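Comments concern the structure below.
The values are calculated or read from the model by the stated rules, or taken from the named source; none is laboratory data. Worth saying up front: this structure is predicted, and the values here are computed from it rather than measured. Here the Cβ positions follow ideal geometry from the backbone for every residue, glycine too, while neighbour counts run over all protein chains shown.
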Amino acid sequence: MKEPGAILLVACYELGHQPLAVAWPAAFLERAGYAPAVLDVSVEPFDAEKVARARLVAISVPMHTALRLGAGVAARVRAANPRCHIAFYGLYATLNADDLLAHAADSVLSGEVEQALVGLARDLDRSAEAASTEAPSLPRPVLEKLDFPVPSRAQLPALTRYAHVEKHGRLELSAYVEASRGCKHFCRHCPIPPVYGGRFFVVPEAVVLADVRQQVEAGATHVTFGDPDFLNGPGHALRMARALHAAFPALTFDFTAKVEHLLLQRDRLPELARLGAIFCVTAAESLSDTVLAHLDKGHTRVDIVEALRAVRAAGIAPRPTWVPFTPWSTLDDYRDLLDFVECHELVDAIDPVQYSIRLLVPPGSLLREHGALTPHLGALTEGAFHYRWTHPDPRMDRLAGAVAALVAEAADRREDAAATFGRVRRMADELAGAPARPAPVLPPGRERPPRLTEPWFC
Ligand code: SF4
């Protein structure tokens, strides 16, 4: 197992950034004396030679899109190398353990998985042959504090292959790090609580800084803190940002934080801006207090308005994200959301794909146990890794499909966000029998707020 390439770590999709979920396991394995190969099928072709050399192929599935792609990768791996052990790891692995272990995987691991992956390699190493059925499976999330090495990025495709940051109309290379993992909250629609159970783990500042350094040396001028919520540990976050700014004063960064945290930490936002924060992603999800209560988001519509104001006042550009299609969101809610976006000058702050996001209910979701979902819930969709649900107003399901097709086509054509917004609103107005309104007029050649070039998919 210690020969080069006997372990192959495969990334499928990590929101367009260089896959940290491969770089970290690679570092843990290298520290233990292994020499893993890596493959990122989001930017590289499937490599049958690498697969043929591997005795263990570990496929990273931190998000739903990655899982769907990963299932296809596993089938190709199995066909190319039937004897190798296939492990799925990441948030969506244990959530879908039953399906994966029945069809595609020999092991599944979620949570703080890196040391467990090393353990799996050792177990396979000890066995006379890496027979897939003989190795252990670990269907329960691993929640132990790890001794983090610096992620190993040398073998990964160059940063130039990944999402860039757009600032002041220029595209520049962007780094991706995580200063914490997991989350202390229990939003019902989120895949993190069923895995982390309200816990989060901080990564030492020195490790994060060293990871930033190697990406700055590769050309990055901006850092995304990909923590599920950067402000879960506000003290750690602030120390991290201060250390980052002290080491790299010209670097800018973005982070993700929930509305509730933005309000609780509003006094700290100006300092984060001075330290380099240029934009902040926040999962607003809905403007309907009914929907927000069902999702157990911990904020209200009024809080969203207040958080947007606080973030902007600090000099940070907000980038709210939404789940416009839930069983409880009405057509009026949808049109209200679009009006809100225009009224609050957010058209350029929202990737149009956001207007199409439909609530995802994976196995293990806390929503499954929520009575308000029961009347709408259908069966688990075979091979798609989520439960079907149906809106009580059939127009909403039709609208969801039509908007999804519209924004995908618009993204392919790189249509201006304002034009796409206008077309989506026209569609919703027509469905409601209301007079169509013109698209918002935004000045041509305007400077758009900072953003990453990869639209947000879950
Ligand atoms: S705060 Fe964010 S990361 Fe945490 S449970 Fe809620 S949606 Fe998930």
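Points worth noting:
- For Pro139, the conditions (1) within 25 Å of the chain's Cα centre (by Cα); (2) modelled with pLDDT under 95; (3) assigned to a helix (DSSP H, G or I) are fulfilled apart from (3).
- Any chance Thr330 is assigned by TED's automatic domain parsing to the domain that holds Arg181, more than 16 Å from the ligand (Cβ to nearest atom) and under 22 Å from Met396 (Cβ atoms): yes
- Here Ala121 fulfils each of the conditions (1) closer than 22 Å to Val57 by Cα; (2) outside the structural domain of Ala21 (by TED's automatic domain parsing); (3) buried (at least 18 other Cβ atoms within 10 Å of the Cβ); (4) at pLDDT 95 or above apart from (2).
- For region 357-399, the candidate set comprises residues that are part of a strand (DSSP E or B) and basic (Lys, Arg); within that set, the residue that is surrounded by the fewest Cβ atoms within 10 Å (Cβ to Cβ) is Arg388.
- Some residue of region 76-92 being within 30 Å of Leu209 (Cβ to Cβ) and surrounded by fewer than 20 Cβ atoms within 10 Å (Cβ to Cβ): no
- Filter result for Leu244 (surrounded by fewer than 21 Cβ atoms within 10 Å (Cβ to Cβ) and either under 25 Å from Val311 (Cα atoms) or charged (D, E, K, R) (or both)): no
- Subset of region 163-192 (residues that are closer than 17 Å to Pro62 by Cα and touching a strand residue (DSSP E or B) at 6+ places or on another chain (Cβ under 9 Å)): Tyr176, Val177, Glu178, Ala179, Ser180, Arg181, Gly182, Cys183, His189, Cys190, Ile192
- Test for Pro362: is it in contact with a Phe, Trp or Tyr (Cβ under 8 Å, 6 or more places away or on another chain), farther than 27 Å from Ala307 by Cα and in the same structural domain as Ala307 (by TED's automatic domain parsing): yes
Results for (1) more than 15 Å from Leu156 (Cα to Cα); (2) assigned to a loop (DSSP other than H, G, I, E, B), shown as yes or no for each residue.
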site	(1), (2)
Met1	yes, yes
Gln18	no, yes
Ala26	no, no
Ala52	yes, no
Val57	yes, no
Leu69	yes, no
Gln115	yes, no
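- When residues in region 312-342 are screened for being of a type in the set (Lys, Arg) and touching a residue at least 24 places away in the same chain (Cβ under 8 Å), 2 of them pass.
- As a summary of the residue check, Pro440 satisfies the conditions (1) in contact (Cβ under 8 Å) with a residue 60 or more places away in the chain; (2) assigned to a helix (DSSP H, G or I) except for the one numbered (2).
- Criterion violated by Ala71 - all others in (1) small (Gly, Ala, Ser); (2) touching a residue at least 40 places away in the same chain (Cβ under 8 Å); (3) within 21 Å of Gly226 (Cβ to Cβ) satisfied: (3)
- Looking across region 265-314 at every residue that is of a type in the set (Gly, Ala, Ser), more than 16 Å from the ligand (Cβ to nearest atom) and assigned to a loop (DSSP other than H, G, I, E, B), the one that is farthest from Leu338 (Cα to Cα) is identified as Gly276.
- Filter result for Pro45 (free of Cβ contacts under 8 Å to residues at least 12 places away in the same chain, assigned to a loop (DSSP other than H, G, I, E, B) and over 29 Å from Leu380 (Cα atoms)): yes
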